[in-house]
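No value in this document is a laboratory result; all are computed from the given coordinates. Only a predicted model underlies this, so the values are computations on that prediction, with no experimental measurement involved. Note that we place each Cβ from the backbone using ideal geometry, even for glycine, and neighbour counts take in every protein chain shown.
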Amino acid sequence: MSQLARFIWRMVGRQVVIVSAALAWSALFSATTLFADVEVTLKSGTSLVGTVKIDGNDAIVKIGDSELRVPLTEVDTIAAVDAGPDRQAHRLLTSALEARLTNDSGREVIGLLAEAARLAPDDPHIAYWYASSLSDAGYGQAANDVLEKQREAIAKAYPGMTDQLVERIKRRVEMEKMPPALVERLDKLNADLGKQASSADMRHIAALFRLVDHEKQPIERSAFQIQCNNGQDENLESFDDGYFVYTFNRHRNNDEQPCNLDVTRPGLESKSFELNGSSNRVKDAGELVVRRYDEAAKKPFRIHLVGTDGKPVVGARVSFQGMSPRGNTTSHTLTAESDAEGSAEILAFPMKYTYHVQAGGFNHGSGNVELKADAAETKPIELKLDRAIQATIRVAWEATAMQGGGKTTGEATLQVDGGPPRPYQYGQDNTSWLRPAQQKDRLTLQFVDSPFGYGGPFGQADAWVRVVESDGNANEGERNEGEASAGEPKPLDLDAFNELELSKIDELKSKLKQPRTIGGGQVTGPRPPMVLAAELGKIYVGRVQHRDMRTGQPIQLAFKVFVEEMATDDGAAE
């Protein structure tokens, strides 16, 4: 009772009404309506105006259709007020703004402002905050209705803020035209992004885009590829009407490079887009439009295949894959077979393509071509195929790990049949540092060094290759390419290869001259591979830096490679 007796109901500058201790005591046993249109002032300074009931140790303040329960320990005063609608409306506005600052309870704020707007429908200050709060709470169209009724008055009341409010509401109205599931996802993402600490090492970033054709029909997920530089944990979510939400994580020290979207499906315009995300709220990259072709837009790709003897290559398989402007290929492949004259034709939609040719007994052929939408006809491609070289190559190596210095050894036999270079398989291919590949009528050995994206973990250790011949003195690098020498040395055999100890190959580095390298190797890592012509009966020794395919750890390899057998497909020995 002593607690309630301390409450004094007063009006500053007006009549003071005091509640006796007896009345306070009776309030403890039953909820009693005390006054309508009174002001409850809290110790925090917040003021509430409405009908008040005392229920136990709480005051229940009814404002419009809302009821707020306030502990009496938090109440400073309860006083009768002027019940004029304008005054009540402004008190409700004050309460709503305080609620926004303290707990940002959207429903409570909107309830207070709705009642304030009902009491003072022409007040631009109330209209501004009512429209702003409706927009923030996700009611864009309702916010726009409030704004449009008093737009001029609001602009006069808040001249520096009205344009920003208009733009916010416009974005929200447009957002509400999107699929409901997408709107729900965007609201959640925006709420989560807004809670991110600016000092966090890893930031979550999000972008929204819509991908459609020129007739506004949505483009499905399988028609494009998207990737973000310096991004991790990338995720793409699909929604109705061609909308997509793309999220990823990026370390705060990484550069903010754009994400790349490549449309790669034949039948659609080959096009690339750059888009950016944001860590504060989902960034709308807008509508991305590509042209969709009909069947009449297809163009012919023609190719004519002959051997080195000029005779047509019959029955060759020609495959055709689309490419994006940045070089990404599609999984969709068109094929054709060369006829009796060595010719093949494929009808395809306009875009860039890569083509591959495979024929029994011949080396593979490949190239790129672009079918342009505005071109009447593409000139036929004349391709000469060399006879395939078949070879058996023996490989042995000793690997030294960077961590711990432990050594492992391995052996392999590689079979070459004139086809494209073996595909690289991380974790399985222990000889990925060696890539046999046929270039025209010559077999080459490509020795790959340091595929780390930098100089290598063993310091700037030089990669090197030497060629061991029968007499131990001659070296392929001592002769000009194609130059014959009198008394060709007898080729080495498998016994000589087996007897050469990997622990002693460093002695050969200074004894033998560095062989002449040739061009044409596929660049891998910071340094291009060392490419040498493969010759029958010679042993290639040296060192490179690479990775242990089992552990992914850097290693230094000492190797020996022996070309045991080599012949063209027609059986003629090389």
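For this structure, a couple of remarks:
- Dipole of region 180-290 [Lys/Arg +1, Asp/Glu -1 at C-beta], most positive-end residue of Q227, G242, G267: Q227
- A straight chain from H214 to D233 at 0.36 nm per residue would run longer than the Cα-Cα distance by 3.7 nm.
- Each principal axis of the Cα cloud of region 180-290 was taken in turn, and the coordinate range along them, longest first, works out to 46, 31, 18 Å.
- Using a Förster distance of 22 Å, the FRET efficiency for R516-E411 (Cβ separation, nearest 0.05): 0.20
- Integer Hz, Karplus 6.51/-1.76/1.60 couplings in order for region 180-188, x for Gly and Pro: x, 5, 5, 4, 4, 5, 5, 4, 5
- Alpha carbon centroid spacing (whole Å) that separates region 344-365 from region 268-336: 13 Å
- In this label model, E184 and N280 are separated by 2.9 nm, measuring between points 7 Å along each Cα→Cβ vector.
- Applying 0.36 nm per residue to the separation of K509 and R168 and subtracting their alpha-carbon distance, the gain on full extension is 115.6 nm.
- Label-reachable residues, region 193-209, where backbone N falls under 20 Å from a point 7 Å from V289's Cα toward its Cβ: 208-209
- Computed log₁₀ I(q)/I(0) - Debye formula, equal Cα scatterers, no solvent, region 295-385, q 0.22 Å⁻¹: -1.07
- Filtered chymotrypsin sites (Phe, Trp or Tyr not before Pro), region 85-165: DSSP coil and at most 11 other beta carbons within 10 Å: none
- Two-site label geometry, A297 and A567: point separation in nm, points 7 Å out along Cα→Cβ: 5.2 nm
- Using θ = phi - 60° in the Karplus curve 6.51 cos²θ - 1.76 cosθ + 1.60, the 3J(HN,Hα) couplings for region 140-145 round to x, 5, 5, 5, 5, 4 Hz; x is entered for Gly and Pro.
- Using the Cβ-Cβ distance between L347 and E499 with R0 set to 60 Å, the FRET efficiency works out to roughly 0.55.
- Extension gain, Q196 back to T46 (0.36 nm per residue minus Cα-Cα distance, nm): 51.0 nm
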